[in-house]
Amino acid sequence: MGGFEDDEPPSKRARASSVESASLPDYFSFSKSVNPLGSTMARPLPSQGKEVMVGSKGVIKKEEFVRIITKTLYSLGYEKSGAVLEEESGIILHKPMVNLFREQVIDGNWDNAVVTLNKIGLQDENIVKSASFLILEQKFFELLRNDDVMGAMKTLRCEITPLGVNRKRVHELSTCMISCSPQQLFLGFSKLGIDSSSSRWKLLEELQKVLPPTVMVPERRLENLVEQALTVQRDACYFHNSVDGLSLYTDHHCGKDQIPSRTLQVLHAHHDEVWFIQFSNNGKYLASASNDKSAIIWEVDEDGELLLRHTLIGHQKSVMMVAWSPDDCQLLTCGQEEAIRRWDVESGKCLHVYAKPVGLISCAWFPDGKQILSGLADENFCIWDLDGNEVDCWKGQRSTRTSDFAVAKDGNLIISMSRESTILLFDRETKQERLIEEGSTITSFSLSEDGDFLLVNLISEEIHLWNIRNDPVRVNRYKGHKRNRFVIRSCFGGSEQAFIASGSEDSQVYIWHRATGDLIETLAGHSGTVNCVSWNPTNPHMLASASDDHTVRIWGAKKASLKRKDVGSSNCNSNGFHSNGNAHGNGFVHQCNGNSTK
């Protein structure tokens, strides 16, 4: 369930028959050695030379096209094929002088390489100087590596400095030579970007970036062109949500059937309203939190079916939210104005209880997995280490309780509710504060995977998308869902997080196109308010929704030929499907007995 079978991959090479091989011309005989830097044996065939452009549009220059293909063949290690292409097409990859230059660079013949560089016929003197600098810098470093300090000093003074380019780099090299010991000098150049283990081939790649592409075809040029074409197709695909990579054999197009809109499972194990759900970072688990004072860890098996792994018992009040550790080995659960509990995902055991007399109302992990952040009912923040020691505690500039917050990947940016219509972006390191100010009350928000965008749910039945990379800017809005009384949560999801999903008080799940704001799907199936949604971060075809009808629904793509299965305790029917009647599925009930910190 939840996956697709891949076709058997084609064989890497097609082998010609003996008859075909026998009929090949003489230049297909590969008994002679081939120069991997590019052959000089190319000759024009009588039929060649008239056609300048190729392709149906007539916009591709034939010579450039053939040279790029030849370059790709050599780069892939198909040296014989590259040489044959040069021979048959009559279009050489590099002129003899360029081939000589490349050989001299690979051989470390630095002085002659500089001489040859000046004979290639480059018109721009600045390009010649920049390329000479790279060559002589490599010479300088290799002299140092061979303990020829005097030779390196002479190269720096008499060859590199007179070029008059990259003066900052010259100053760095000079300063390091004067102030450092030989050992420090060696380490110092590594810090300057010269890797002692890098080959001369890497220098050749750097030279290709400096020299005109007509002189030396850039490395991986064909790959870059193909990647650009695929990226354009992907970006133009309105419903792009494919789990398979883009193919070169056909133009890319995703249909609406790639959007998860079909119920695959209904999870019945909770006995009251389900308020919060969240997939783990690796997509292998789903955690749900309920008004029944429990949280449940569900495991996604290899077929995409969710199985009950652990039922976590111990909270004295409703469980408001959960938070996965960065490595997905631990889970935080937060009671309503109560305590935070930390659980081991593998065993289901409660490892620690974090509590304050005023009660805790939200929780989050820091990216290093060594500290957690909690919001208090008295509008304070607290940072704890895993043993329950308070690392920091402060009161933000707020007039309402902190119900939602997030920690960015750098661990410095903390995003929290401020006033009813304001979100505070606080940088712990710089102490800088930025504000997102809305025109109506904010009920919840969620942070994008890259940390650059914030999805803000409003009481006005709108969801706003903000770019928070620099000064916050609203970039889109999403409408259509219903919200009157409850906290409704939304999420990013799908391939490249190209879609927005949200719960709704009309018992439906809403999905929008992130870039355009268009409503593309409305999913019916729940019989109560949909409080929260979560999109599997590693499977764009899997979406989960939590509802007041005591269930969690798993949605999949219509294209998938997967059977829906019900898991949990309910004996009632759901659209003709029966649950398995097992009170806790295949999982275990765990009573919290962890250490407490108050």
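The set of residues in the stretch 74-106 being closer than 18 Å to P213 by Cβ and either among the β-branched types (V, I, T) or out of contact with any helix residue (DSSP H, G or I) (no Cβ under 8 Å at 6 or more places or on another chain) (or both) consists of S75, I91, I92, K95, V98, N99, V105. Set side by side, the residues N109, N118 differ, and just one is within 15 Å of V210 (Cβ to Cβ) and surrounded by fewer than 20 Cβ atoms within 10 Å (Cβ to Cβ), which is N118. The set of residues from the stretch 514-525 being open to solvent by 20 Å² or more (accessible area, probe 1.4 Å) and either modelled with pLDDT under 95 or at negative phi (or both) comprises R514, A515, T516, D518, L519, E521, T522, A524. Taken together, the residues in the stretch 204-255 that are open to solvent by 70 Å² or more (accessible area, probe 1.4 Å) and of a type in the set (F, W, Y) amount to 2.
Filter the stretch 143-171 for residues that are more than 22 Å from I127 (Cα to Cα) and either aromatic (F, W, Y) or surrounded by 15 or more Cβ atoms within 10 Å (Cβ to Cβ) (or both); which is farthest from the chain's Cα centre (by Cα)?
Initial filter on the stretch 143-171 (more than 22 Å from I127 (Cα to Cα)): 143-154.
The next check asks that each one be either aromatic (F, W, Y) or surrounded by 15 or more Cβ atoms within 10 Å (Cβ to Cβ) (or both); those that pass are 143-144, 151-153.
Numbers: L143: 41, L144: 40, G151: 46, A152: 43, M153: 45 Å.
It comes out as G151.
For the stretch 489-534, list the strands (runs of 3 or more DSSP E) that sit wholly inside it and hold at least 3 residues that are of a type outside the set (V, I, T) and within 19 Å of S280 (Cα to Cα); which are they?
Numbers: elements: 490-493, 499-502, 508-513, 519-524.
Counting at least 3 such residues, we get 490-493, 499-502.
With within 18 Å of Q278 (Cα to Cα) and at pLDDT 95 or above as the only criterion, which of S495, S490 stands out?
Working: S495 fails: at pLDDT 95 or above.
Result: S490 is the single residue among S495, S490 that is within 18 Å of Q278 (Cα to Cα) and at pLDDT 95 or above.
Screening the candidates A323, A364, A355, A339 for the property of being in a strand (DSSP E or B), at pLDDT below 95 and under 28 Å from the mean Cα position of the chain (by Cα) yields one hit, A364.
Residue by residue through the stretch 342-352, note down the ones that are in a loop (DSSP other than H, G, I, E, B) and more than 13 Å from I313 (Cα to Cα).
Step one: of the stretch 342-352, the residues in a loop (DSSP other than H, G, I, E, B) are 345-349.
Within the stretch 342-352, V345, E346, S347 qualify.
Can you spot a residue in the stretch 479-489 that is open to solvent by less than 30 Å² (accessible area, probe 1.4 Å) and under 25 Å from the mean Cα position of the chain (by Cα)? No - not one qualifying residue is present in the stretch 479-489. When L136 is tested against the conditions (1) open to solvent by 40 Å² or more (accessible area, probe 1.4 Å); (2) in a helix (DSSP H, G or I), the lone failure is (1).
The values are calculated or read from the model by the stated rules, or taken from the named source; none is laboratory data. Note that this is a predicted model, so its numbers are computed, not measured. Using ideal geometry, Cβ is built from the backbone for each residue, glycine included, and neighbour counts are taken over all protein chains shown. We work out accessible area using only protein heavy atoms, side chains counted, and drop any ligands, DNA or RNA first. Shrake-Rupley method; radii C 1.70, N 1.55, O 1.52, S 1.80 Å.
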